[in-house]
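Visitor: Pasting a structure below so you can have a look.
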Amino acid sequence: MYHITPKSKNSKVGPIAVTTSTATTCPSACPFRDNGCYAESGPLKLHWLKVTKGERGDIWFKFLDKIKELPAGSKWRHNQAGDLPSDNAQDLDSIKCADLARANIGKRGFTYTHYDVLDNFKNAIIVNGMNNLGFTVNVSANNLDHADKLCDLNIAPVATVLPIEQTTNTVTPKGRKVVVCPATYKDNVSCSDCMLCQKRDRKVIVGFPAHGTGKKKASAIAA
């Protein structure tokens, strides 16, 4: 199931549409799965569980219709929890991913994916294609070294998890600039204000210090 909240009440996201996908969309290889994922705690966990159980949300095609119905130019964030549609938790579903990107045409949607694009050529092609269709898919890195490897592919913008203590801008081992998400340290900034993650041609990596109740586990992975 897939759920859309037309106007988020999360102060860090801002008053834009935000979606949640069933937990079964998460890739099996994600190191944060059951190991520090921020969505596995708090109110978001309860909402995510209801979507996963089918108690909230819509089937895929009805969900796509709701995305298409968003006003032209709408800012929206796909997946506050969950990931892109896949065939088997390892390979992205090329048809559904293309459908999602096309539903976004004329809008300013963005998301993140932890699906493997380094060793899975099919996934890399799909993610690149979604970005070329105008839907921003950030490939998510586990740490700064991983971020460099993802940047070397040159298929999509890159975001990365950072250790808890890394709250200022930094650089990767190869010297690429990492900008810490301003919503993580400024009370007056949200996704709606910033939209850096939606910029497909940006020259910087966006970094997110580990957060949530499992932040110590996530931080250990990001170190």
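The values are calculated or read from the model by the stated rules, or taken from the named source; none is laboratory data. None of the values given here were measured: they were computed from a predicted structure. Cβ coordinates were reconstructed from backbone atoms using ideal geometry, including for glycine residues, and neighbour counts include every protein chain displayed. Protein only, heavy atoms only, side chains kept; ligands, DNA and RNA dropped before computing areas. Shrake-Rupley method; radii C 1.70, N 1.55, O 1.52, S 1.80 Å.
Visitor: Return yes or no: is THR184 open to solvent by 20 Å² or more (accessible area, probe 1.4 Å), farther than 30 Å from LYS68 by Cβ and in contact with a strand residue (DSSP E or B) (Cβ under 7 Å, 6 or more places away or on another chain)?
Guide: Yes.
Visitor: Here is a follow-up. Report, ordered by the first and then the second residue, all pairs with beta carbons closer than 8 Å, sequence separation of six or more or different chains, a first member in the stretch 4-32 that is at positive phi, and a second member that is in a loop (DSSP other than H, G, I, E, B).
Guide: Final answer for the pair search is GLY14/SER8; GLY14/SER190.
Visitor: Also: Applying the selection to the stretch 108-145, what residues are within 18 Å of ALA218 (Cβ to Cβ), open to solvent by less than 20 Å² (accessible area, probe 1.4 Å) and aliphatic (A, V, I, L, M)?
Guide: Once the filter is applied, which keeps residues that are within 18 Å of ALA218 (Cβ to Cβ), open to solvent by less than 20 Å² (accessible area, probe 1.4 Å) and aliphatic (A, V, I, L, M), the stretch 108-145 yields VAL139, ALA141.
Visitor: If the requirement is being in contact with a Pro (Cβ under 9 Å, 6 or more places away or on another chain) and under 23 Å from ASP91 (Cβ atoms), which of these qualifies: THR167, THR136, THR184?
Guide: THR136
Visitor: Keeping to the stretch 161-191, report how many residues are closer than 20 Å to ALA39 by Cα and touching a Lys or Arg at 6+ places or on another chain (Cβ under 7 Å).
Guide: 4
Visitor: How many residues are among the polar types (S, T, N, Q), buried (at least 16 other Cβ atoms within 10 Å of the Cβ) and assigned to a helix (DSSP H, G or I) when one looks only at the stretch 20-53?
Guide: 2
Visitor: Scanning the stretch 1-19 for residues that are under 20 Å from VAL161 (Cβ atoms) and touching a helix residue (DSSP H, G or I) at 6+ places or on another chain (Cβ under 7 Å), which turns out surrounded by the most Cβ atoms within 10 Å (Cβ to Cβ)?
Guide: VAL13
Visitor: Would you pick out the residues in the stretch 162-179 that are outside any loop (DSSP other than H, G, I, E, B), touching a Ser or Thr at 6+ places or on another chain (Cβ under 8 Å) and more than 26 Å from GLY134 (Cβ to Cβ)?
Guide: Result: LEU162, single match.
Visitor: Ok, one more. It is to be established whether one or more residues within the stretch 188-209 are closer than 30 Å to SER74 by Cβ, out of contact with any strand residue (DSSP E or B) (no Cβ under 9 Å at 6 or more places or on another chain) and open to solvent by less than 20 Å² (accessible area, probe 1.4 Å).
Guide: Yes, the stretch 188-209 has at least one match.
Visitor: Those residues that are surrounded by fewer than 19 Cβ atoms within 10 Å (Cβ to Cβ) and farther than 21 Å from ASP65 by Cβ, I need them from the stretch 77-102; list them, please.
Guide: ASP87, ASN88, ALA89, GLN90, ASP91
Visitor: Spot the failing condition for ILE105; the list is (1) within 21 Å of SER140 (Cβ to Cβ); (2) of a type in the set (A, V, I, L, M, F, W, C); (3) touching a Leu at 6+ places or on another chain (Cβ under 8 Å); (4) open to solvent by 20 Å² or more (accessible area, probe 1.4 Å), and only one is missed.
Guide: So the condition that ILE105 fails would be (1).
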